[in-house]
Structure formats: structure tokens, C-alpha cells
Amino acid sequence: MNKSILFLKLFLVAFAFTACGQNSKKTQKTTPIVKQNQTTKQFKTGAEQTEIYLPLLKGKRVGMVVNPTSIIGKTTTVDSLLKRGVKIVKIFGPEHGFRGDASAGIHVSDDIDKKTGIKVVSLYGKQSTPSKENLADIDVMIFDIQDVGVRFYTYINTLQRVMEACAANGKEVMIFDRPNPNGFVIDGPILDPKFKSGIGIQPIPVSHGLTVGEYAQMLNGEGWLKDKLKCKITVIKNANYNHDMPYELPVAPSPNLNTAQSILLYPSTCLFEGIYMNLGRGTQFPFTVLGAPYFKGIYKFSFKPVGIKGMAETPLFKDQVCYGIDLRNYDTSIFRKTRQINIQWVMELYKASPKKESFFDSKLSNQLLPIERLIGVADFRQQIIDGKSEAEIRASWEPGLSKYKEMRKKYLLYP
């Protein structure tokens, strides 16, 4: 395994009070899952380059779209900028909330941040887009959230809605760019508009190979914002970064992506949210194990999902022994060589399943989504059922994937 992404230990995100997942007002400690280990000492995230953007914020009323990944060193970006005299008038919290104290899919209410006294507007509750009233007292909106480079990871959808609202109301968006830990993989079918949903809006592949700043440029450049609006954006770029650079996140991007292993497996294993199996939710190692009770006698490896506050209170197959595949020691350096997501696990587990009729039945649990929303196309389900080869499945992703790769080049900020 590439040493830069090898785990000596799997660290969990520590929570100060109740773990995220309850509709709670309590806060999360931003404990690093690993230490940053970059290939160059000169590397800096956009947020760390205060000398570039502080002069641009002088005298302006600032709104911030942030979560626990929004840090400068070990301090939240909000706290850091307040100490530097930036006038932050409002905070906007996406899925999981500003302090990271809400589970996936749990709606979050507006609140007042106890530490700073600043109003927090939820973008994952009654509204998903800042209103005209929300923006009335803001001159510039800062977007500073760590992404993981996957279409169904919802923060890029939050970015789009923020850009649309700001464009409609004449507000500027400043993006503090951060690396994409999966930036070296551009793979998967292009989303068919028929399967547009909250986990996929634009015609991009499963693993899109862009930073948030680059994606923002694509949203503008391709005319993907509502009513073809153009948002005024300023991207504070990462310094000395390239897409092939291994990057280990200093803070878990969400409660169930709590290790570097899970983040690198996520573009592949999250497809199992459309399959009648548990993908590690209800364990301390989500997205790195796959299994179900009905695989007993077929696979030796087993695990038992339980309710875990802030991660998974009611996981699929709760308190039942699940049998399947353990990927915690899978060599993720393979992804750097293939530049592809892994669909072999779906193929293998379907072939081994004694319950093929329920394998893709998302109606069996409210924990599941239709596989079409995740993979983005209609034919994947039938291709797996028909036993198509990986080469045949991948061939069906063309020419869309190749066209996307060419289009992507226009918006790159980094090699």
C-alpha cells in the first residue's frame, strides 16, 4: 500500500458531548483521523493562505458555509477569522450541521452557535438554499467545506444552491479550496437526468476528479446553475497541489467516513447503499466491510451492526450477525494504478447471494436508495443480474465518460 495513505491506526472522530446524529446542539471535537503527510512542506489549503484573502474581506459583512472540516491548523475557520477581525454575520450549516452533530439524512434546525453567538442557518432542514432574507446583510459568502470527490456526496449540491442564491441576489462567493482525496480517479457512468436527486444533480461521473473550486468553475462554465445564472466566484487555491498528490484528511469529512481507508473505498462501497446489505453502518468501520445475515455459510468474515449515536442509530440488520467481505486491509494503492472505482464487489456478492431477488430491492429498508440514483444510470442493475463482464459494463459508460474527461480539462486549477 502507498505509504502516504497507509494507516498505522484507525482513529475515530471524537465527540465532546452527544455524537452527531441526534438533532442536537452539542459540539464535535475536530480530532484528526490522521496527521497530514504531504509530499511537500510548501503545501497549503486555500483557508490557510490568509495573506491572500484577508485584504479582500476587509470591511465586508461575511457569511460562511462551513462544517467541522473547515479548519486552519487545529482551529475552525470561523474562530480563526473572527480573531483576525473578519466580520462574520451569519453561518450556514449543510448536512450534519455546522458543528457536525447530526447524522446523515437528519434534518437540522436553525440555531445560535453557543461559542460565537452567531446565527446558524440550516441548509439541511426546512430549506436547502439561502433565502433572499438570509443574504440581505451579507456582502460575500465564504464556502469552506472538505469534499471527497464523489457525485453522491452532497456538499457539492450545497455549493450549487449557494452559488445560485448568491448569483440571484448579487452576492459574491469566495471558495477556500481543499484537496480532493480521490482526485486521481475519474470514473463511473455519467448521471442520466432521469435519476437526478438529492444525491446527484449534474451529469458527472461517480468519481469526478475535481476540487470544490474546480467544480464551481464547471457549474458556471457549463451553464448548470438555475436559469443559466453566473455566480461571481473567487477561488483561493491550494498552494503546491496536484490531483495525484496523496492527501490524508486532518478531520473526518462526516461521521461515517472516519478513516483514510473509508474515504478511498467510498466511491466504490457507497454503491452498497442501493443493495440489501450492510456496509459497515453500525460499526466503528463503515464503508470498509460489507455483509448480510443471509451470507452465513458462504463467507467466514462476520460483524454485528449495533446502534451508535452519531453514526447509525438504526442500521440495517441491527444486532444481527452479518457475513461478507472485510476491506479494512484492502490495498487502496490499486486505485492509483487503475484510476477506476471497483464494481467487482457488487458483481461478486450478487453472484454469491442466495437471495438474488432481494439484492437490489431498496424497498426492504429505509436505509436504502434505488441503485440507479447511486450509479446514475438505468442499466447497471440488469447488467449485474445478467452476469455481464466488467468490460461490457464499462463499455456502456462510453462515450459519456471520455467526453466528460475532455470537458473537465477546461476547469482545472491544478495539474
Handout entry: Within the chain, percent of DSSP bridges classed antiparallel, to nearest 5
Key = 45 percent
Fill in the blank from the handout: Summing -39500 (n - 2.57) over every DSSP H run of at least 4 in the chain, dividing by its residue total and rounding to the nearest 500, the 222 nm mean residue ellipticity is -6000 deg cm²/dmol
Practice task
Which order do the peptides 397-406, 262-271, 290-299 take when ranked by the mean count of other beta-carbon atoms within 10 Å per residue, highest first?
Solution key: 262-271, 290-299, 397-406
Completion exercise
The long-range amide H neighbours of L123, using H built 1.01 Å from N in the peptide plane and a cut-off of under 5 Å, are G93
Fill in the blank from the handout: Scalar couplings 3J(HN,Hα) for region 336-341 by Karplus 6.51 cos²θ - 1.76 cosθ + 1.60 (θ = phi - 60°), nearest whole Hz, x for Gly and Pro, are 5, 7, 7, 6, 9, 6
Exercise for the section: Arrange the peptides 183-194, 82-93 so that the one whose residues have, on average, the most other Cβ atoms within 10 Å appears first. Expected result: 183-194, 82-93
Fill in the blank from the handout: XL table K114/K232; K228/K410; K171/K226; Cα-Cα > 20 Å flagged, in table order, is K114/K232
Problem - Cα centre as origin, Lys/Arg/Asp/Glu Cβ charges: region 340-379 dipole, Debye - result: 100 debye
Handout entry: Subset of K58/K132; K115/K363; K119/K196; K237/K405; K44/K318 violating a 30 Å alpha-carbon distance limit
Key = K115/K363; K119/K196; K44/K318
Completion exercise
For region 291-297, in residue order, the Karplus 3J(HN,Hα) values (coefficients 6.51, -1.76, 1.60; θ = phi - 60°; whole Hz; Gly and Pro = x) are x, 7, x, 6, 8, 4, x
Exercise for the section: Scan around C231 for amide H atoms under 5 Å from its own, H built in the peptide plane at 1.01 Å from N, and keep only partners 5 or more places away or cross-chain. Expected result: none
Problem - Label point at K363 placed 7 Å out along Cα→Cβ; residues across region 382-410 whose backbone nitrogen lies under 18 Å - result: 382
Practice task
Evaluate the relative contact order of the chain (contact order divided by residue number), counting alpha-carbon pairs under 8 angstrom at least 6 apart; express in whole percent.
Solution key: 18 percent
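None of the figures in this text is laboratory data; all of them are computed from the coordinates on show. Keep in mind the model is a prediction, meaning the values are calculated, not measured. With ideal geometry, Cβ positions are generated from the backbone for all residues, glycine too; neighbour counts draw on all protein chains shown.
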